[in-house]
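For reference, the structure discussed in these notes is given below.
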Amino acid sequence: MSPQPKPSWWKRARHVPGRLRTRLWLLLGRPMPITSQDRKVLETVILPEVAAKHHRVLFVGCEIYTAHYRTLFRRNDYHTLDYDPAKQRYGARQHKVGSATELDRHYAAEWFDAVIFNGVLGYGIDDLAGAEAAIAACRTVLKPEGLLVVGWNDRTEVRGLVEASQEIKRGLKPVVFAPLGVVQTEPLDVGRHVYSFFVKEAEQ
Ligand SMILES: C[S@@+](CC[C@H](N)C(=O)[O-])C[C@H]1O[C@@H](n2cnc3c(N)ncnc32)[C@H](O)[C@@H]1O
């Protein structure tokens, strides 16, 4: 009797319980299936454009479903930061544990070509003082003409932070993000997620 061919590793993986399989999948750097419209826009439009046009990139706030972004930015100088030490495993090789409100303690001024600040307002930075400090810190670490992407859920309390922020009006100018043709998206999907695009003004 001829020996049976070995089942592929993937066929064998079917016997691994679901949550463990998902973790293995993500640890291998495989993308999490896209489940929402806003994530699709982020992963298929915004991040590829940022990766293509900006070399040194900071992504703030890491989760299991953002772990594979390091592969999207494999040709960039890609950095991540989160204040929760447990999130380091989902970050870039160049990851820092620290607060977005103190980015300028972790990175030199005018260091990044782009900062992606998505899903942090309302998910840890919940008051105006924190929002102001984080936006000012993003501006400080951006090079002149650098791109800031702010992603936020259009809920009353988060909209309040964005609208009340004076820092977002200081030295940052709304900019049309070419692949989408807007300075700010309409609220997307049930989470009413919005992406706002800014460029850091060169000092006069
Ligand atoms: C909803 S998740 C968003 C993750 C990711 N940025 C994204 O695009 O989906 C919020 C993340 O922000 C992190 N976070 C919240 N407040 C923070 C702060 N002040 N500084 C750094 N990270 C923070 C949390 O630990 C969490 O990982």
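Read-outs: derived from the displayed coordinates by stated rules, not from any lab. Quick caveat, the model's predicted, so the values are computed rather than measured. Methodologically, a virtual Cβ is constructed for each residue, glycine included, from the backbone with ideal geometry; neighbour enumeration extends over all protein chains shown.
I need the peptides 19-27, 41-49 ranked by packing, meaning the mean over residues of other C-beta atoms within 10 angstrom, with the highest value on top. Display every interim value, and only then the final one.
Working: 19-27: 13.4, 41-49: 17.9.
My ranking of the peptides, most packed first, is 41-49, 19-27.
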- Task: Compute the length gained on full extension between ALA86 and LYS143: take 0.36 nm times their separation in residues and subtract their Cα-Cα distance, giving the result in nm to one decimal.
- Result: 17.6 nm
- At a Förster distance of 35 Å, what's the computed FRET efficiency of ARG192 paired with ARG105, Cβ-Cβ distance as r, to 0.05? 0.60
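I need the per residue convex hull volume for the chain, using only the alpha carbons, in cubic angstrom as a whole number.
Details: hull volume 29.3 nm³, N = 204.
Cα convex hull per residue, to the nearest whole number: 144 Å³.
If the chain between LEU180 and LEU28 were fully stretched, how many nm would it gain, using 0.36 nm times the residue separation less the Cα-Cα distance? Let's see the in-between values first.
On the way: separation 152, 0.36 × 152 = 54.72 nm, distance 3.06 nm.
Going from the current span to full extension adds 51.7 nm.
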- Order of VAL141, VAL194 - criterion: other Cβ atoms within 10 Å of each residue's Cβ, fewest first: VAL194, VAL141
- Query: Can you give the helix-only mean residue ellipticity at 222 nm for the chain, where every DSSP H stretch with n ≥ 4 adds -39500 (n - 2.57) and the sum goes over all residues, rounded to the nearest 500 deg cm²/dmol?
  - Reply: -7000 deg cm²/dmol
- Non-local Lys pairs in the chain, i.e. 8 or more apart or on different chains, that have alpha carbons under 27 Å apart: 20
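Tell me which DSSP H helices of the chain clear both cut-offs, 18 Å or more of axial length from alpha-carbon atoms and a mean Kyte-Doolittle hydropathy of at least 1.0. All intermediate terms of the calculation are to be shown ahead of the outcome.
Values: long enough: 128-141 (20 Å, 1.19).
Within the chain the helices that satisfy the rule are 128-141.
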